[in-house]
Amino acid sequence: MNDSMAERRLTTSVSGCDIDLITVGNGPTLLFLHGGEGPDVPTDAYIKALAKHFTVIAPWHPGFGRRSRGERLREISDLAYLYLDLVEQQNIKNGVLVGSSFGGWIAAEMMVRNSSAFSQLVLSAPLGIKVRDRESRDIEDVFALTDEEFRAIAYADPSQGYQDLASLSDEDLTGYFRSRESLAFFCWKPYMHNPQLKNWLHRIKIPTLLVSGAKDRVVFDGYYTAYSSYLPLCTHHTLDGAGHFPHVEQTEEFVRILRDHYNVRVAPTASVV
C-alpha cells in the first residue's frame with residue numbers, strides 16, 4: 001500500500017464531542033457519512049474504492065461503534081451542526097459530501113443549513129423525509145424485523161448483508177448493539193424522518209447525485225423519485241442488482257457514476273496547470 005492509501009485513524013474533539021474518524025486516499029476531499037450499520041462501516045471496500053480518487057474523511061457517528069453518544073446530542077439537527085463544525089475544523093473547501101441511508105438524512109440536514117464548503121452532494125438511498133399521508137408507511141419498521149428479514153428487503157443479494165455476530169469480539173459486539181440503540185434513539189419518533197425537511201430541500205443549490213437500488217424494499221416504490229423532486233439540481237440514478245445499500249452491492253458502478261458526475265460538474269471551472 002502506498003502512502004496515499006495508508007489509512008489513518010484518529011480521534012478529534014468537535015464542539016465538546018469526541019469523534020473517531022479515518023482518513024485515506026488522495027485528491028479532492030470527500031466526507032462520507034455512514035448509515036445505521038455497525039462499527040466497522042468506514043473501513044469497508046467502498047471507502048477504499050473512493051479513496052482511489054478522493055481524500056476520504058469517514059467519521060463514526062457519535063453513539064455508533066466504540067464511542068458512547070454523550071448527553072449533548074439529542075436530535076438529527078445536533079448531528080448536522082456537529083458535522084458542520086467538523087467541516088470547519090478540517091478546513092474542507094470545495095468538497096464532496098456523501099451520505100448513505102441515515103447518513104444521507106444527516107447530509108441533507110447539513111446542506112439545508114450551510115452548503116458553502118461543498119461543491120457536490122451525493123445521497124446513497126437517503127432517508128429523512130415522509131412523502132405519503134400519515135396512514136401510509138414510507139419506510140419499513142426495521143426495528144421490528146429480524147436480521148434475516150431485514151437483509152431480505154435491504155439487499156438484492158441478502159448474503160451481502162450477513163454478519164456473523166458470534167465471530168465478533170466483545171468490543172465489536174458491544175459496538176454493534178450500541179449502534180442499533182443509537183439509531184433508534186435518533187430515528188424513532190417521528191420514525192426515520194423530519195416532518196419539515198422536505199420543505200427546505202429547495203435550499204440545497206449545489207449539484208446533487210441521488211443513487212438508489214432497484215431492489216430496495218426498505219422504502220416504498222417511488223420514494224427516491226419523490227425525494228429527488230424536492231432537490232433543485234438533482235440527478236437520480238437507479239442501479240440494478242442493488243438494494244438499500246447500492247454503494248455496497250455495486251461499489252464499482254457507484255464510484256464510476258460519482259466520478260462521472262463529479263468530473264462533468266467540475267470541468268467547466270477546473271483550473272488547467
Result of the Cβ filter at 7 Å on segment 224-251, keeping first residues that are farther than 15 Å from Leu209 by Cα and partners that are open to solvent by less than 40 Å² (accessible area, probe 1.4 Å) and among the charged types (D, E, K, R), at least 6 apart or interchain, is Gly241/Glu249; Ala242/Glu249; Gly243/Asp216; Gly243/Glu249; His244/Asp216
Of all residues in segment 86-119, which are part of a strand (DSSP E or B) and either at pLDDT below 95 or over 14 Å from the mean Cα position of the chain (by Cα) (or both)? Gly95, Phe118, Ser119
When every residue in segment 153-187 that is modelled with pLDDT of 90 or more and of a type in the set (A, V, I, L, M) is compared, the one farthest from Glu109 (Cα to Cα) is Ala156
Tell me, please, whether a residue that is closer than 14 Å to Ala125 by Cβ, in contact with a Ser or Thr (Cβ under 6 Å, 6 or more places away or on another chain) and of a type outside the set (S, T, N, Q) can be found in segment 202-210. yes
Count - residues of segment 85-100 that are touching a helix residue (DSSP H, G or I) at 6+ places or on another chain (Cβ under 9 Å) and open to solvent by less than 60 Å² (accessible area, probe 1.4 Å): 8
Is at least one residue of segment 108-118 under 21 Å from Gly213 (Cα atoms) and of a type in the set (Phe, Trp, Tyr)? no
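Each row is one residue, and each column tells you yes or no for (1) farther than 30 Å from Gly65 by Cα; (2) open to solvent by less than 20 Å² (accessible area, probe 1.4 Å); (3) at pLDDT 95 or above; (4) among the β-branched types (Val, Ile, Thr).
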| residue | (1), (2), (3), (4) |
| --- | --- |
| Lys189 | no, no, no, no |
| Arg203 | yes, no, yes, no |
| Lys215 | no, no, yes, no |
| Phe220 | no, no, yes, no |
| Thr235 | yes, no, yes, yes |
| Arg265 | yes, no, no, no |
| Pro268 | yes, no, no, no |
| Ser271 | yes, no, no, no |
Note: among Gly27, Gly70, Gly65, just one is part of a loop (DSSP other than H, G, I, E, B) and open to solvent by less than 20 Å² (accessible area, probe 1.4 Å), namely Gly65
Could you please find all residues in segment 139-156 being aliphatic (A, V, I, L, M) and either surrounded by fewer than 16 Cβ atoms within 10 Å (Cβ to Cβ) or not in a helix (DSSP H, G or I) (or both)? Ile139, Ala144, Leu145, Ala152, Ala156
For Thr174, only one of the following conditions fails: (1) open to solvent by 60 Å² or more (accessible area, probe 1.4 Å); (2) closer than 25 Å to Arg137 by Cα. What is its number? (2)
Among the listed residues Ser115, Ser167, Ser159, Ser136, which satisfies the condition of being among the polar types (S, T, N, Q) and surrounded by 14 or more Cβ atoms within 10 Å (Cβ to Cβ)? Ser115
Report the residue count in segment 94-117 for those that are in contact with a strand residue (DSSP E or B) (Cβ under 8 Å, 6 or more places away or on another chain) and farther than 14 Å from Leu33 by Cα. 3
In segment 121-133, the residues that are touching a residue at least 60 places away in the same chain (Cβ under 8 Å) and open to solvent by 10 Å² or more (accessible area, probe 1.4 Å): Lys130, Val131, Arg132
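The values are calculated or read from the model by the stated rules, or taken from the named source; none is laboratory data. Note that this is a predicted model, so its numbers are computed, not measured. Backbone-built Cβ (ideal geometry, glycine too); neighbour counts: all protein chains shown. Note: areas computed on protein heavy atoms with side chains; ligands, DNA, RNA excluded. Shrake-Rupley method; radii C 1.70, N 1.55, O 1.52, S 1.80 Å.
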